[in-house]
Amino acid sequence: MDEVLEQLKKGVRRFRSEVYPNQAHLHAQAAINEQRPHTLFIACADSRVNPNELTHSAMGEVFVTRNIGNMVPAYGEMLGGVSAVIEYAVTSLRVRHIVVCGHSDCGAMKALLNPDSVKEMPTVKSWLTNARAALTVAETMHTKTEWRRELLSVLTEQNVLLQLQHLKTHPSVAGAMAMGELTVSGWLYDIGKGQVSIAKDGERGFTVVE
């Protein structure tokens, strides 16, 4: 017997018996109405990060894509799932805001600091090149001005800021921003503290959401 599958099925049963009955009308509306999310949330695939819970968003409000290290490849470099999600969210769904959200204790950032940890995972190793520039910046800052803080924390911040730069190389994003129809921001989620810090577009520092 697959214990993990049974655990998942148990969760489905609880959803059906405890959650769904109180939200049946919302599900019925969602089934017949097209989705109109206001935000695209680009998060890490880390199982400890739950975008809908974090933003306390209702069904249909947030369009989510996740990957290792909350990466956004610059347009044209690695056209694939992330690029397709961005293009669809901006062009078809017409989201009004995009979040790139990093988090504390990120395994992808740890792998950047310890490349040997992914030497047997060539696909992961290749994917992490999307954050190479962030590593260079973080190491320089850590040596010169940020030596009081952990390099991992500095790197996590710089990675979010770098991915925001990459995001704006996508034609759909650049066009919507030029028309004043779209804004972007970078987030940092401290898992242990349940705390979110945000850097608005153009800002280099993150401000805690009180």
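Which one of F63, F41 is touching a residue at least 60 places away in the same chain (Cβ under 8 Å), crowded, with 20+ Cβ neighbours inside 10 Å, under 30 Å from A31 (Cα atoms) and in the same structural domain as A176 (by TED's automatic domain parsing)?
Matching residue, one of F63, F41: F41.
Check the range 166-176 and report whether any residue there is under 16 Å from A199 (Cβ atoms), small (G, A, S), in the same structural domain as T65 (by TED's automatic domain parsing) and assigned to a helix (DSSP H, G or I). Can you show your working first?
So the first thing to find is which residues in the range 166-176 are under 16 Å from A199 (Cβ atoms), and the list is 166-168.
Pick out the ones that are also small (G, A, S) and you get none.
No, that holds for no residue.
Among the numbered criteria (1) in contact with a strand residue (DSSP E or B) (Cβ under 9 Å, 6 or more places away or on another chain); (2) at pLDDT 95 or above, which single criterion is violated by G81?
The failed condition is (2).
If a residue has to be under 23 Å from E87 (Cβ atoms) and either acidic (D, E) or part of a helix (DSSP H, G or I) (or both) to count, how many in the range 1-48 make the cut?
So the count comes out to 1.
Output the number of the condition that V160 fails; it satisfies all remaining conditions of (1) crowded, with 17+ Cβ neighbours inside 10 Å; (2) touching a helix residue (DSSP H, G or I) at 6+ places or on another chain (Cβ under 8 Å).
Of (1) crowded, with 17+ Cβ neighbours inside 10 Å; (2) touching a helix residue (DSSP H, G or I) at 6+ places or on another chain (Cβ under 8 Å), only one is false for V160: (2).
Quick one: S57 ticks every box in (1) in contact (Cβ under 8 Å) with a residue 24 or more places away in the chain; (2) within 24 Å of G194 (Cβ to Cβ); (3) not basic (K, R) bar one, so which box is it?
Condition (1) is where S57 drops out.
So S153 clears everything in (1) touching a residue at least 12 places away in the same chain (Cβ under 8 Å); (2) among the polar types (S, T, N, Q); (3) loosely packed, with under 15 Cβ neighbours inside 10 Å except one condition, right? Which one?
The failed condition is (3).
State all residues of the range 177-195 that are farther than 25 Å from L135 by Cβ and part of a strand (DSSP E or B); if no residue qualifies, say none.
Listed by number, the list holds a single entry, T183.
Output the helices (runs of 4 or more DSSP H) that fall wholly within the range 80-131 and possess 1 or more residues being closer than 13 Å to G69 by Cβ and not hydrophobic (A, V, I, L, M, F, W, C), or say none.
On the way: elements: 81-91, 107-113, 122-127.
Hits in the range 80-131: 107-113, 122-127.
Check K168, K119 and return the single one that is charged (D, E, K, R) and under 18 Å from S83 (Cβ atoms).
Sole residue among the options that is charged (D, E, K, R) and under 18 Å from S83 (Cβ atoms): K168.
What is the number of the single condition among (1) in a helix (DSSP H, G or I); (2) in contact with a helix residue (DSSP H, G or I) (Cβ under 7 Å, 6 or more places away or on another chain) that E146 does not meet?
Just one mismatch for E146, condition (1).
Which of (1) within 16 Å of F41 (Cα to Cα); (2) part of a loop (DSSP other than H, G, I, E, B); (3) not charged (D, E, K, R) does I198 not meet, given it meets every other one?
(2)
The values are calculated or read from the model by the stated rules, or taken from the named source; none is laboratory data. Source: prediction; values computed, not measured. Heads up, the Cβs are rebuilt from the backbone with ideal geometry, glycines too, and the neighbour counts pull from every protein chain shown.
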